[in-house]
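Asks: Sharing a structure here in structure tokens format.
The values are calculated or read from the model by the stated rules, or taken from the named source; none is laboratory data. Every value quoted in this text rests on a predicted model; they were computed, and no experiment measured them. Cβ atoms come from the backbone with ideal geometry, glycine included; neighbour counts cover every protein chain shown. Protein only, heavy atoms only, side chains kept; ligands, DNA and RNA dropped before computing areas. Shrake-Rupley method; radii C 1.70, N 1.55, O 1.52, S 1.80 Å.
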Amino acid sequence: MRIRQVALASSDLMMADETLCRLLGCAEGYIDREIIYFGLQNRLYTVGDSFLEVVSPAQPGAAAGRFLERRGTDGGYMVIVQVEDLEREKKRLEHTGIRTVFSDDRGVAKAIHLHPKDVPGAIPSLDEMTPPESWLWAGDGWEARAARHVGDIKAVEIASDGPRETGNCWAKAYGKALQQDGKHWCLSLGNTEIRFVLDSKSPEPALRAIDFDTLDCRAICAVADELGLSRRDRVVSVCGVEFNFC
């Protein structure tokens, strides 16, 4: 079990795509036309063998559109965790009271999305792939589109005024134990983790940061400065989320 994909929501897909392509070192983002089912359009970037996605509403009433209206700004939208056996996870979830809002089974790819009111901070997804190293949502040949500046997603961070309570919701969703690490709480998912940190001013739990393995920090910092992005050393703000280049 590990974080395999993270999605951001942006009101300006073209601007976000240009920024992310340059910052990550990608020639282009992959377009998944099937997500029009959710009223969305997207771009998806291969980072190591994990994925970063940005979505934007393409139709009125899309959930991402309501998310952006409520926040008044771009932000972290979804955390997709790859699991070994989705049927086993679904049976476990039956006893938790956590609701499923979407289910998809294509044989080689299966997924469920959980209700963000039950697991707050971002939409949680549990996905199974056959074979496990594949990733249907990224299209054919995703390996050849790997970013030059960054590698895998290593962690995400969710801020709230009750990090332990928020963390316990996610622990229940993924059937893992919440652990305390210094001033924050964390959920270990294989070689990735979800951190839960305190923000007493946060109106609601929110995905605030993503940690990446870094391949070319000098290029990342140069692009961030050229584009006028907010940057503190190796931390760059994009789409309302801090990218931590570890």
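Asks: Just the projected area, averaged over all directions, of the convex hull on the alpha carbon atoms of segment 123-246: how many nm²?
Replies: The number I arrive at for segment 123-246 is 9.2 nm².
Asks: Please calculate the 1.4 Å probe accessible area of Thr100, with all protein chains present, and give it to the nearest 10 Å².
Replies: About 70 Å², rounded to the nearest 10.
Asks: What FRET efficiency comes out for the pair Arg88/Glu165, r = Cβ-Cβ distance, R0 = 35 Å, nearest 0.05?
Replies: Once rounded, the FRET efficiency stands at 0.85.
Asks: Same structure, new question: Ranked from the most accessible area to the least, with a 1.4 Å probe and all protein chains present, what is the order of Thr96, Thr73?
Replies: Result, largest first: Thr73, Thr96.
Asks: OK, next. Keeping every protein chain present and rolling a 1.4 Å probe, give me the accessible area per residue for the chain in Å².
Replies: 46
Asks: With a 1.4 Å probe and all protein chains kept in place, how do Tyr30, Tyr77, Tyr45 rank by accessible area, largest first?
Replies: Tyr30, Tyr77, Tyr45
Asks: Let me ask something additional. So if each residue of separation counts as 0.36 nm, and I subtract the Cα-Cα distance between Lys176 and Asp199, what length gain in nm does that give?
Replies: This chain segment gains 5.9 nm when fully extended.
Asks: In µm²/s, what is D for segment 1-56 at 4 °C and 1.567 mPa s, where D = kT/(6 pi eta Rh) by Stokes-Einstein and Rh is the Kirkwood radius from Cα pairs?
Replies: 113
Asks: Further, regarding this structure: State the answer as a single residue: which of Ile112, Thr100, Pro60 lies farthest towards the positive end of the charge dipole of segment 42-167, with beta carbon charges of +1 for Lys and Arg and -1 for Asp and Glu, about the Cα centre.
Replies: Pro60
Asks: I need the fraction of alpha carbon pairs in segment 1-103 separated by more than 21 Å, rounded to a whole percent.
Replies: In whole percent, the share of Cα-Cα pairs in segment 1-103 beyond 21 Å is 42.
Asks: Determine how large the accessible area of Glu157 is when every protein chain is in place; take a 1.4 Å probe and give Å² rounded to the nearest 10.
Replies: 40
Asks: Next question. To the nearest 20 debye, what is the magnitude of the charge dipole of the chain about its Cα centre, counting +1 on the Cβ of each Lys and Arg and -1 on the Cβ of each Asp and Glu?
Replies: Computed charge dipole of the chain: roughly 620 debye.
Asks: Run the numbers for Met15 and Arg218: contour at 0.36 nm per residue of separation, minus the present Cα-Cα distance, in nm.
Replies: 70.8 nm
Asks: Please go through the residue pairs Lys91/Lys172; Lys90/Lys117; Lys90/Lys172 and name each one whose alpha carbons sit more than 20 Å apart in this structure.
Replies: Result: no pair exceeds 20 Å.
Asks: Then there is this: Which of the chymotrypsin sites (Phe, Trp or Tyr not before Pro) found in segment 121-209 are loop residues per DSSP with 11 or fewer other Cβ atoms within 10 Å of their Cβ?
Replies: none
Asks: Whenever you get a sec, compute what percent of the accessible area on segment 95-246 sits on carbon and sulfur atoms (1.4 Å probe).
Replies: 48
Asks: Follow-up question, since we're still on this one. May I ask for the net charge around Cys21, where only other residues with Cβ less than 11 Å from the Cβ of Cys21 are counted and Lys, Arg are +1 while Asp, Glu are -1?
Replies: Summing Lys/Arg as +1 and Asp/Glu as -1 gives +1.
Asks: Leaving ligands, DNA and RNA out of it, work out the accessible area of Val235 with a 1.4 Å probe and give it in Å² to the nearest 10.
Replies: 30
Asks: While we're here: Can you compute the radius of gyration and Dmax for the chain, using only the Cα atoms, both in Å?
Replies: According to the Cα coordinates of the chain, Rg and Dmax are 16.9, 51 Å.
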